[in-house]
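Below: one structure, written as structure tokens.
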Amino acid sequence: EVGENTYDASSKLLPQYDFVIIGGGSAGGVLASRLSEIGDWQILLLEAGGTPPPESYVPGFNQLLILGDADWKFYTTKQKNSFNGFTDNRIPYPRGKTIGGCSVLNSMFYVRGNRRDFDNWEAMGNPGWGYRDVLRYFKKFEDYRGKVTKETASFHGFGGPQTIENKRWRTKVSDGFLKAGKQLGYRIVDPSDPDQIASRPNLHVVLNAHVTQIVFENKRAVGVRFQHRGKSKAVFAKREVILSAGAIGSPQLLMLSGVGPANHLRYHGIPVVADVPGVGQNLNDHPYMTGFPWTIKNGSSFHILDIASPKTIQDYVHYRTGRLTTSISIEGYAWPMSEVGDPYWPEVQIAFLPFTVGDDYGLITSHVLGIKNEVYQQYFRNLVGMEGISIGLFLCRPKSRGTVTLNSADPFEAPLIDTNYFDHPDDMVAFIRGMRFALKLGSMPALKEDFEARFHDQPLPGCTHEWPLSDKYLECYARSLTGTTYHPSGTCKMGPASDPYSVVDEYLKLRHVSGLRVVDASIMPLVTSGNTNSPSIMIGEKASDMIKQDWGAPIMPLGY
Ligand SMILES: Cc1cc2nc3c(=O)[nH]c(=O)nc-3n(C[C@H](O)[C@H](O)[C@H](O)COP(=O)(O)OP(=O)(O)OC[C@H]3O[C@@H](n4cnc5c(N)ncnc54)[C@H](O)[C@@H]3O)c2cc1C
């Protein structure tokens with residue numbers, strides 16, 4: 001929407017607004033839209049990136065966005081327990097730098113998470129964040145376009161700004177994936193089942209506005225400084241500054257502004273406004289194994305070169321149908337029952353892809369993932385030109401925690417992102433259980449017989465010393481080819497005052513300072529058991545109502 005209109009209000013910037021929102025991503029965009037519903041309030045949204053690039057309008061071009069102009073192009077630090085199969089033991093860590101944030105780069109999967117995730121947030125000392133409380137906000141932003149039954153109508157929303165629909169195109173072999181699940185005794189379910197910014201005169205959006213500091217007066221956030229077209233500018237907030245710069249940007253900006261672990265700030269010569277030790281800690285992300293490869297019979301999936309065929313392009317351009325209507329990514333998810341603890345709170349999420357890393361001649365997938373050239377050449381290259389599938393997985397609630405810290409006090413320098421995957425030994429144990437499920441799924445008759453799925457049983461370079469498919473081999477495989485699912489969260493976690501590492505309270509207000517809230521994926525105390533875009537939107541929706549309530553503005557009834 002924004003891409004088609006000029007919202008850039010830099011020429012009419014006011015010196016002061018009621019609310020200044022930093023970051024126009026999944027959560028910040030929602031906030032700007034909802035708060036500007038109150039006509040008396042002046043809202044400013046500052047976004048470091050520009051308008052989304054043209055390729056972002058074609059879902060099938062999703063992979064081309066990574067490492068492009070709309071990506072911050074972050075990398076992780078070198079890892080000791082993971083990334084052995086990636087160049088220099090580090091990986092690209094994409095984050096959207098454009099209006100829309102990561103929602104512009106993402107693969108558009110709509111997964112809310114498990115109801116137990118939110119009940120657990122509440123049990124962790126965050127009243128008002130249980131499943132029953134947040135469900136209404138998931139429904140509020142939805143415009144569900146799938147099949148409406150009595151059941152789906154009860155847990156989906158209608159008429160909201162975000163359309164949710166079934167994929168318009170999928171491969172034949174994805175039927176095999178669903179059938180293989182049935183053969184293992186599972187059901188096909190809607191994962192949401194519990195069991196736009198309009199142009200408004202009071203909303204100013206400034207693009208290419210990189211916020212460099214939140215300004216405090218006596219521990220109250222009163223405004224922000226930002227760089228725009230080579231000039232340093234400042235703007236002030238009468239009511240609140242709201243930080244929605246995402247799970248990497250938000251802790252970085254807090255620390256640059258003097259809010260964070262005092263010793264770390266002093267080390268970088270930053271005057272301490274408030275010692276908040278949890279800022280940048282508790283980095284939760286879902287470690288994601290790129291997928292065991294299988295070859296399948298021709299005609300079951302698609303050939304990468306078909307994407308550029310005149311028919312595919314014509315189908316998309318003229319009719320909005322065909323291969324390009326969906327991202328080139330995962331085609332189906334499965335949640336195996338957990339073998340440990342609550343069986344209905346899955347440990348892993350299984351991902352089904354209708355291609356292998358070898359499919360695209362090493363041009364895109366291995367590049368955006370950061371796979372070492374020798375691993376591609378020795379393991380994936382002989383899959384070139386063959387139709388295939390991959391079955392991967394991610395760990396839903398890892399126990400390992402990473403960090404986001406400052407590399408320097410320079411706001412234009414990328415922070416240090418230490419994912420720290422597999423630091424906690426329980427994570428590897430759970431991951432290996434998930435890998436065994438993935439192997440079992442791929443060997444079910446629905447794939448093996450109907451689609452002639454053949455496991456690519458070549459040993460992975462670096463793991464040849466282990467007995468094939470032994471636990472040790474699987475561990476080595478996981479440490480080599482597990483990267484990110486792009487779900488960082490938790491770095492400004494919400495928690496009770498008794499938790500010294502809580503950064504915000506249940507109203508998302510920053511502890512030890514005033515006039516400042518954090519509203520984005522960084523507030524999740526524990527990452528949800530699924531993809532994180534819709535929970536981030538939900539956080540934006542819920543925060544908007546909390547802010548309106550605090551300032552005596554009317555809250556629209558939800559109707560559910
Ligand atoms: C490649 C990729 C694929 C993904 N696929 C899916 C998927 O299919 N389904 C799903 O549910 N989730 C997916 N995700 C995750 C999901 O998109 C994110 O969890 C979600 O968008 C996070 O929202 P947010 O509001 O917390 O942050 P963001 O959307 O990252 O927004 C933060 C915004 O703040 C801006 N910003 C940062 N620092 C500053 C600053 N100093 N000054 C001004 N502006 C600043 C950024 O440019 C950005 O626009 C994916 C993510 C990626 C990267």
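State whether one or more residues within the stretch 134-149 are within 16 Å of the chain's Cα centre (by Cα), charged (D, E, K, R) and within 16 Å of the ligand (Cβ to nearest atom). Checking the stretch 134-149: not a single residue is within 16 Å of the chain's Cα centre (by Cα), charged (D, E, K, R) and within 16 Å of the ligand (Cβ to nearest atom).
Taken together, the criteria exclude Tyr344 from residues that are surrounded by fewer than 19 Cβ atoms within 10 Å (Cβ to Cβ), farther than 19 Å from His286 by Cα and of a type in the set (Phe, Trp, Tyr).
Here Arg479, Arg517 are screened, and the one residue that is of a type in the set (Lys, Arg) and either surrounded by fewer than 24 Cβ atoms within 10 Å (Cβ to Cβ) or more than 30 Å from Tyr110 (Cβ to Cβ) (or both) is Arg479.
Is it true that Arg220 is basic (Lys, Arg), away from the ligand (no atom under 16 Å from the Cβ) and under 26 Å from Ala543 (Cβ atoms)? So Arg220 fits the description; yes.
Every listed requirement among (1) within 26 Å of Ile555 (Cβ to Cβ); (2) at pLDDT 95 or above; (3) surrounded by fewer than 22 Cβ atoms within 10 Å (Cβ to Cβ); (4) of a type outside the set (Gly, Ala, Ser) is met by Glu1 save one, (2).
Summed over the stretch 103-115, the residues that are near the ligand (Cβ under 7 Å from one of its atoms) and open to solvent by 40 Å² or more (accessible area, probe 1.4 Å) give a count of 5. Among the criteria (1) open to solvent by 60 Å² or more (accessible area, probe 1.4 Å); (2) in contact with a Gly (Cβ under 8 Å, 6 or more places away or on another chain), the one Gly370 does not fulfil is (1). Restricting attention to the stretch 403-414, the residues that are surrounded by fewer than 24 Cβ atoms within 10 Å (Cβ to Cβ) and in contact with a strand residue (DSSP E or B) (Cβ under 8 Å, 6 or more places away or on another chain) add up to 7. Is it fair to say Ile66 is open to solvent by less than 60 Å² (accessible area, probe 1.4 Å), closer than 29 Å to Val222 by Cβ, within 16 Å of the chain's Cα centre (by Cα) and not small (Gly, Ala, Ser)? Judged against the criteria, Ile66 is not a match. When Asp359 is tested against (1) at pLDDT below 95; (2) closer than 26 Å to Ala430 by Cβ; (3) surrounded by 24 or more Cβ atoms within 10 Å (Cβ to Cβ); (4) of a type outside the set (A, V, I, L, M, F, W, C), exactly one condition is not met: (2). Scanning the stretch 69-80 for residues that are surrounded by fewer than 20 Cβ atoms within 10 Å (Cβ to Cβ) and more than 15 Å from the ligand (Cβ to nearest atom) yields Thr77, Lys78, Lys80.
Consider Gly258 carefully, then state whether it is modelled with pLDDT of 95 or more and either crowded, with 18+ Cβ neighbours inside 10 Å or outside the structural domain of Ile21 (by TED's automatic domain parsing) (or both). Yes, satisfied.
Pairing each residue of the stretch 304-330 that is acidic (Asp, Glu) with any residue that is surrounded by 13 or more Cβ atoms within 10 Å (Cβ to Cβ) and part of a helix (DSSP H, G or I), provided the two are 6+ apart or on different chains, yields C-beta distances under 9 Å for Asp306/Thr312; Asp306/Arg323; Asp315/Arg323; Asp315/Leu324; Asp315/Thr325.
Scanning the stretch 320-352 for residues that are under 14 Å from Gly60 (Cβ atoms) and of a type outside the set (S, T, N, Q) yields Arg320, Gly322, Arg323, Leu324, Ile328, Ile330, Glu331.
If you check Ile389, Ile432, Ile417, Ile371 for being at pLDDT 95 or above, out of contact with any Lys or Arg (no Cβ under 8 Å at 6 or more places or on another chain) and either more than 26 Å from Tyr93 (Cβ to Cβ) or small (Gly, Ala, Ser) (or both), only one passes: Ile389. Of the residues making up the stretch 482-506, those that are away from the ligand (no atom under 16 Å from the Cβ), hydroxyl-bearing (Ser, Thr, Tyr) and open to solvent by 10 Å² or more (accessible area, probe 1.4 Å) are Ser498, Tyr501.
Within the stretch 511-557, being assigned to a strand (DSSP E or B), within 16 Å of the ligand (Cβ to nearest atom) and not basic (Lys, Arg) holds for Leu516, Val518. Residues of the stretch 24-41 that are touching a strand residue (DSSP E or B) at 6+ places or on another chain (Cβ under 7 Å) and within 8 Å of the ligand (Cβ to nearest atom): Gly24, Gly25, Gly28.
Looking only at residues in the stretch 386-439 that are assigned to a loop (DSSP other than H, G, I, E, B) and among the polar types (S, T, N, Q), which one is farthest from the chain's Cα centre (by Cα)?
Checking each candidate, the answer is Ser408.
Looking only at residues in the stretch 251-304 that are closer than 23 Å to Phe412 by Cα and hydroxyl-bearing (Ser, Thr, Tyr), the one that is farthest from the ligand (Cβ to nearest atom) is Tyr267.
A search for C-beta distances below 6 Å between a residue of the stretch 210-235 that is more than 20 Å from Pro271 (Cβ to Cβ) and any residue that is part of a strand (DSSP E or B) and away from the ligand (no atom under 13 Å from the Cβ), counting only pairs 6+ apart in sequence or on different chains, returns Val235/Gly223.
Tell me, please, whether a residue that is buried (at least 21 other Cβ atoms within 10 Å of the Cβ) and part of a loop (DSSP other than H, G, I, E, B) can be found in the stretch 236-252. For the stretch 236-252, residues buried (at least 21 other Cβ atoms within 10 Å of the Cβ) and part of a loop (DSSP other than H, G, I, E, B): present. Of all residues in the stretch 42-57, those being within 15 Å of the ligand (Cβ to nearest atom) and under 30 Å from Gln314 (Cα atoms) number 6.
From the list Ala180, Ala209, Ala221, the one residue that fits, being closer than 23 Å to Tyr344 by Cβ and buried (at least 17 other Cβ atoms within 10 Å of the Cβ), is Ala180. Any idea which of (1) assigned by TED's automatic domain parsing to the domain that holds Gly24; (2) modelled with pLDDT of 95 or more is the one Pro201 doesn't satisfy? Only one criterion in (1) assigned by TED's automatic domain parsing to the domain that holds Gly24; (2) modelled with pLDDT of 95 or more is unmet by Pro201, namely (2).
The values are calculated or read from the model by the stated rules, or taken from the named source; none is laboratory data. On a predicted model such as this, the values are computed, not experimentally measured, just so you know. Here Cβ is always computed from backbone atoms with ideal geometry, including for glycine, and neighbour counts include all displayed protein chains. Quick note on the areas: whole protein, heavy atoms, side chains included, nothing else; ligands and nucleic acids left out. Shrake-Rupley method; radii C 1.70, N 1.55, O 1.52, S 1.80 Å.
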